[in-house]
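J.: So that we are looking at the same thing, I have put the structure below in structure tokens.
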Amino acid sequence: MIGSAPHISTPHPGPVTRELIDRVRAAEAHAGLTFGLSDVPPVLVRAEGAVIEDPDGNRFLDMVAGFGSLNLGHSHPEVVEATARQLGLGQQAMSMASIVRTDLVERLAALVPGLPKVMLGASGSEATETALKLVRRATGKHGVIAFAGGFHGRTMGALALMGRASQREGLGSLGHVIHLPYPHPLHSPFGTDPKTVVETTLDLIDSQLRDPAGGWDQVGAVVVEPVQGNGGMIPAPDGFVSGLREVCNRHDVVLVVDEVMSGFHRTGHRFAFEHDAGVTPDIVIMGKSLSAGLPLSGILVSSDVANASHAGTETSTYAGNLVSCAAALAADAVYERERMSAVAHARATHLMAELHRAFDSHPMVGEVRGRGLMVAVEFTDGDGSALAVGREISHGCVERGLLVYPGGHHGNVVAMLPPLVATDDQLSTAVEVLATATRAALSTKN
Ligand SMILES: Cc1ncc(COP(=O)(O)O)c(C=O)c1O
């Protein structure tokens with residue numbers, strides 16, 4: 001056992017951490033470094049469950065879980081065992097069949113009735129690209145509706161969907177994407193009542209798809225996160241995804257649901273779209289916790305849409321890598337045996353209660369929200385304008401031995417994506433540390 005966290009024996013960053021950060025900064029181009037939590041993030045030497053140990057003897061409580069790729073926590077023993085076994089049996093077979101890949105695709109093909117076909121990739125971005133290409137081939141249309149604040153990856157096609165304009169800066173035209181406001185009642189231009197916000201957003205899409213003058217007749221797909229993750233853990237209100245389904249049916253538009261972050265039991269369902277009962281998307285994009293921290297992604301897709309492609313057009317060298325497939329099968333066994341949706345639901349109930357207790361009465365808190373173990377606190381100043389303190393609070397948390405996820409449309413959100421294996425005690429500790437770091441950061445803003 002690695003021990004409990006937080007444990008800061010040397011003020012962060014300790015000397016070895018500092019040296020390693022300097023070395024990586026010198027060698028790696030800054031565009032490739034994802035130091036999203038803090039300018040001086042911890043250095044991972046060893047990790048287990050929800051605990052990360054650095055080279056200076058400090059331990060951090062991890063409430064980011066590899067940005068949602070570690071629903072089973074770091075180095076889950078069954079995932080470690082399965083991947084080590086597969087490494088000894090052969091690690092890569094692009095142009096051959098294999099037992100692990102066959103077992104995995106059969107299992108995935110049975111997950112969502114109506115989506116019997118699977119296509120594998122190596123990253124969430126690649127799976128998004130595959131989905132976009134299938135839509136074009138199946139519909140003959142190149143337009144896409146996506147949402148402000150959305151995140152679907154950083155390759156060129158996925159980036160066209162990016163709902164954070166700054167990330168597309170300087171790249172010119174990436175594709176025909178219409179960005180609409182995500183139905184977040186706290187900020188929606190359509191009011192504060194969730195039902196009205198949903199209905200108005202859906203009416204807007206419906207009426208524009210009907211009107212040839214606007215050019216929306218070229219729209220082949222709607223791509224949506226059922227819980228907007230990077231945008232600040234914003235759950236779509238009830239009825240939004242099912243309403244999109246109806247609008248898409250009416251106009252022959254493909255409904256693509258991005259479950260890269262929200263998938264694999266994190267929200268109390270295997271997929272977050274299941275929150276609206278009875279919905280079947282045309283494409284589900286998967287990644288991250290599909291394979292418990294090894295590189296693998298995929299889409300689940302209807303036969304009609306899948307058949308629009310020619311054989312072999314949507315694959316890549318590491319798509320379906322054998323070690324990643326073994327990890328995915330091991331993770332699936334644990335998800336099922338441990339009833340991980342129910343576990344996530346129970347942990348989330350505890351975590352939300354703790355967050356409400358700590359933050360509800362704070363004058364600079366605009367909202368405490370979440371669905372399952374995708375939770376966030378949004379900060380505002382006295383007038384209700386965004387207070388961009390996410391990164392500062394996150395940095396304060398790192399100094400205190402806690403990893404949280406700064407984000408939101410204005411950098412005014414601190415989110416948590418804990419591993420589903422975190423205990424109630426660890427979640428309570430995380431909220432306590434977050435509250436302390438928040439007090440420290442906000443004390444200078446009065
Ligand atoms: C919702 C969503 N879709 C797609 C992606 C892209 O996945 P990847 O970073 O594996 O390319 C991410 C990554 O954070 C994501 O959160």
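Matching residues to (1) under 30 Å from Ser207 (Cβ atoms); (2) in contact with a helix residue (DSSP H, G or I) (Cβ under 8 Å, 6 or more places away or on another chain); (3) charged (D, E, K, R):
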{"site": "Pro235", "(1), (2), (3)": "yes, yes, no"}
{"site": "Asp238", "(1), (2), (3)": "yes, yes, yes"}
{"site": "Gly243", "(1), (2), (3)": "yes, yes, no"}
{"site": "His251", "(1), (2), (3)": "yes, yes, no"}
{"site": "Val279", "(1), (2), (3)": "yes, yes, no"}
{"site": "Met286", "(1), (2), (3)": "no, yes, no"}
{"site": "Ser324", "(1), (2), (3)": "no, yes, no"}
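J.: A follow-up question, please. Could you tell me whether segment 175-189 includes any residue that is crowded, with 22+ Cβ neighbours inside 10 Å, part of a helix (DSSP H, G or I) and at pLDDT 95 or above?
T.: There is no residue in segment 175-189 that is crowded, with 22+ Cβ neighbours inside 10 Å, part of a helix (DSSP H, G or I) and at pLDDT 95 or above.
J.: Right, something else. Out of the residues in segment 413-443 meeting the condition of being modelled with pLDDT of 95 or more and part of a loop (DSSP other than H, G, I, E, B), tell me which one is nearest to Gln167 (Cα to Cα).
T.: Checking each candidate, the answer is Leu417.
J.: Continuing with this model, one more query. Criterion first (under 23 Å from Leu255 (Cβ atoms), surrounded by fewer than 23 Cβ atoms within 10 Å (Cβ to Cβ), within 26 Å of the chain's Cα centre (by Cα) and within 16 Å of the ligand (Cβ to nearest atom)) does Lys117 satisfy it?
T.: Taking the combined requirement at face value, the residue does not satisfy it.
J.: Would you mind telling me which numbered condition in (1) part of a helix (DSSP H, G or I); (2) at pLDDT below 95 Asn446 fails?
T.: For Asn446, the exception is condition (1).
J.: Of the residues that sit in segment 132-168 and are of a type in the set (Gly, Ala, Ser) and either part of a loop (DSSP other than H, G, I, E, B) or at positive phi (or both), which one is farthest from the ligand (Cβ to nearest atom)?
T.: Top of the filtered list is Gly140.
J.: From Asp22, Asp39, which residue is assigned to a helix (DSSP H, G or I), out of contact with any Phe, Trp or Tyr (no Cβ under 7 Å at 6 or more places or on another chain) and not small (Gly, Ala, Ser)?
T.: That would be Asp22, the only listed residue that is assigned to a helix (DSSP H, G or I), out of contact with any Phe, Trp or Tyr (no Cβ under 7 Å at 6 or more places or on another chain) and not small (Gly, Ala, Ser).
J.: May I ask you to list the residues in segment 5-19 that are in a helix (DSSP H, G or I) and within 18 Å of Ala47 (Cα to Cα)? Lay out the reasoning, then the answer.
T.: From segment 5-19, those in a helix (DSSP H, G or I) are 15-19; that's our starting set.
Selection gives Val16, Thr17.
J.: Now for a separate question. State all residues of segment 329-351 that are buried (at least 19 other Cβ atoms within 10 Å of the Cβ) and either in contact with a strand residue (DSSP E or B) (Cβ under 9 Å, 6 or more places away or on another chain) or farther than 21 Å from Ala109 by Cβ (or both); if no residue qualifies, say none.
T.: Of everything in segment 329-351, those that are buried (at least 19 other Cβ atoms within 10 Å of the Cβ) and either in contact with a strand residue (DSSP E or B) (Cβ under 9 Å, 6 or more places away or on another chain) or farther than 21 Å from Ala109 by Cβ (or both) turn out to be Ala344, Arg347, Ala348, Leu351.
J.: Right, next: Given the conditions (1) within 16 Å of the ligand (Cβ to nearest atom); (2) in a helix (DSSP H, G or I), which single one is not true for Asp103?
T.: Failed condition: (1).
J.: Output the residues belonging to segment 384-405 that are part of a strand (DSSP E or B) and surrounded by fewer than 23 Cβ atoms within 10 Å (Cβ to Cβ).
T.: Scanning segment 384-405 gives a single hit, Ala386.
J.: Could you count how many residues in segment 279-294 are in contact with a strand residue (DSSP E or B) (Cβ under 9 Å, 6 or more places away or on another chain) and either away from the ligand (no atom under 16 Å from the Cβ) or closer than 27 Å to Thr83 by Cβ (or both)? Before you say what the answer is, go through the steps one by one.
T.: Step one: of segment 279-294, the residues in contact with a strand residue (DSSP E or B) (Cβ under 9 Å, 6 or more places away or on another chain) are 279-288, 290-291, 293.
Next, only the ones that are either away from the ligand (no atom under 16 Å from the Cβ) or closer than 27 Å to Thr83 by Cβ (or both) stay: 279-280, 282, 284-288, 290-291, 293.
Adding up the residues that qualify gives 11.
The values are calculated or read from the model by the stated rules, or taken from the named source; none is laboratory data. Predicted model only: the values in this text are computed from it and were never measured. Cβ sites come from the backbone with ideal geometry, for glycine too, and all protein chains shown count toward neighbours.
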